[in-house]
1. What is the one condition in (1) within 15 Å of VAL375 (Cα to Cα); (2) crowded, with 23+ Cβ neighbours inside 10 Å that GLY343 does not satisfy?
2. Spot the failing condition for GLU129; the list is (1) over 13 Å from LEU31 (Cα atoms); (2) touching a residue at least 40 places away in the same chain (Cβ under 8 Å); (3) out of contact with any Ser or Thr (no Cβ under 6 Å at 6 or more places or on another chain), and only one is missed.
3. Determine if segment 258-266 includes at least one residue that is within 16 Å of ligand 1 (Cβ to nearest atom), over 14 Å from ILE385 (Cβ atoms) and in contact with a Cys (Cβ under 7 Å, 6 or more places away or on another chain).
4. Answer yes or no: is there a residue in segment 320-332 that is touching a Cys at 6+ places or on another chain (Cβ under 9 Å) and either within 16 Å of ligand 2 (Cβ to nearest atom) or not assigned by TED's automatic domain parsing to the domain that holds PHE32 (or both).
5. Note down all Cβ pairs under 8 Å where the first residue falls in segment 232-254 and is in the same structural domain as SER341 (by TED's automatic domain parsing), the second is of a type in the set (D, E, K, R), and they're at least six residues apart or on different chains.
6. Being among the hydrophobic types (A, V, I, L, M, F, W, C), crowded, with 19+ Cβ neighbours inside 10 Å and farther than 16 Å from MET257 by Cα is the filter here, so list the residues in segment 353-374 that pass it.
7. Please go through segment 356-373 and pick out each residue that is of a type in the set (D, E, K, R) and more than 21 Å from TYR330 (Cβ to Cβ).
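The values are calculated or read from the model by the stated rules, or taken from the named source; none is laboratory data. Note that this is a predicted model, so its numbers are computed, not measured. No Cβ is skipped: glycine too gets one built from the backbone with ideal geometry, and neighbour counts run over all protein chains shown.
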Amino acid sequence: MTLPIIPDANAPSTGGRMAAVKEMAQLQRMLFEVEREFIRTATTLIYRVGDIDLKYLICQHVWESAGHARFLRERGRELSGFGKDDSVRESYSAIFEEAIRADDPLVALAGFYRVLKPALLAAYRHYLEATHHLADWPSRKLVEEFIIDEERHLDEIAKYLQDVEGEQWAQRLSIALSAIGGWLGERESIAAPSDFEWVSHTVPYQHLDTCNRGDFPISSSAYGYDPAQFPIVRSWLEDPDTDARVLRVMVYVWLMMELDAVDYLATIFYETAAAPFDMHYDLARHLWDESRHSAFGYRQLPKLGVDLTRLEHSLDLYNILVHMSPAERYAMMTMEFEAGSFGTKAQIMDKIRELNDFEADTLLAFDRNDEQQHVRYGHRWLPEIMRLFNVEGSVDAFVENTKSRFEELSKTYGGKTPHSLSAEDRFTGEKILKLVGLA
Ligand SMILES: [Fe+2]
Ligand SMILES: [Fe+2]
């Protein structure tokens, strides 16, 4: 029996015996590049938006997009003509570069979710129509799943965009996208008006000097030695006699504060456009893990009676690290903060088990497992990021150097965020004692 081939009128004709396969592989290649570029640029929204749940949601979408890209590449490579490298065509980068230039982060978000992502959904639907249901069944199964994800992404983000206008900005992105006829060239292309100006050609993109935490109170650090000032009292963390209920609250505050890792890790993607996709894939996972760790605290603390409007978010790590190179940021994160956290956390976990709080034990066990994985990512990718930034010398020497530079930069950029709340009003170690009935 001969299978009918459904020709795709818009795909470039590659000719020859494998033309049908090559055409579909090309479309998969294009979809891979769009997903990849979404990951690189939508991550810049994370530290710019102030709503905590929205930050978490973008991390989740970035992670799911990384999954789409990975499956597309895996399937694509089974087909003739997908290509061996991970590069992205200029016409796509140009549009994503433009999309992050909106000054208002919610207008930028709207551009992504009202124009670029719906166009991606349309592109996936086009793929299903263009391919043969039986011959290309393996791709079809993937694309059907991705369509469900993309529809859900649009649903999940909708409530954050309810009061956002930004029509003009969206219109600009639509014009840019129409000029290439949609992501797959599946629509008629309409040339941009002659006076269309790309903001990205004249305005360089820069990370914010500080991250946005919306209406939440902020300060430089949540860690300190004075229980009248800070929620995480360093000496209590180490002290074997600290009450397990106190430690439970403190470790949830610690976890929630990992939101700083979300914000500064999110800065690395944009600056490492030349990285292999596998690196961005692991970074996307790392990012989503940190957002879940932060959510552990964010969801559990109110259940323990903590008023989150009294808990200051610590900004120092972002504020200092954003002045370092991506290689330095990643080195501090994986080789210093993460690698150095296991001892203290182990003691805390042992103590908390006294409480027979199954959920706390579970969250901490998964956190520990994730963190071990993050240190492995560090060993794998730090040398690669060093190469991207032409850092010479050994990894160990670089890490040592970076730690001293961090100390130096802390003097300039650290400790500059005043407490939003007075010591009486803010959540502190002393308040924890009261909360658990010890004071
Ligand atoms: Fe974490
Ligand atoms: Fe981590």
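1. (2)
2. Exception for GLU129: condition (2).
3. Taking every residue of segment 258-266 in turn, at least one turns out to be within 16 Å of ligand 1 (Cβ to nearest atom), over 14 Å from ILE385 (Cβ atoms) and in contact with a Cys (Cβ under 7 Å, 6 or more places away or on another chain).
4. The answer is yes, given that some residue of segment 320-332 is touching a Cys at 6+ places or on another chain (Cβ under 9 Å) and either within 16 Å of ligand 2 (Cβ to nearest atom) or not assigned by TED's automatic domain parsing to the domain that holds PHE32 (or both).
5. VAL233/ASP226; PRO240/LYS351; THR242/LYS351; ALA244/LYS351; ALA244/GLU354; LEU247/LYS351; ARG248/ASP357; VAL251/LYS345
6. ALA360 - this is the single residue of segment 353-374 that is among the hydrophobic types (A, V, I, L, M, F, W, C), crowded, with 19+ Cβ neighbours inside 10 Å and farther than 16 Å from MET257 by Cα.
7. ASP357, GLU359, ASP361 - these are the residues of segment 356-373 that are of a type in the set (D, E, K, R) and more than 21 Å from TYR330 (Cβ to Cβ).
Quick grid of which residues meet (1) in contact with a strand residue (DSSP E or B) (Cβ under 6 Å, 6 or more places away or on another chain); (2) surrounded by fewer than 21 Cβ atoms within 10 Å (Cβ to Cβ); (3) farther than 27 Å from MET18 by Cα; (4) β-branched (Val, Ile, Thr):
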residue: PHE38; (1), (2), (3), (4): no, no, yes, no
residue: LEU57; (1), (2), (3), (4): no, yes, yes, no
residue: HIS68; (1), (2), (3), (4): no, no, no, no
residue: PHE71; (1), (2), (3), (4): no, yes, no, no
residue: ALA102; (1), (2), (3), (4): no, no, yes, no
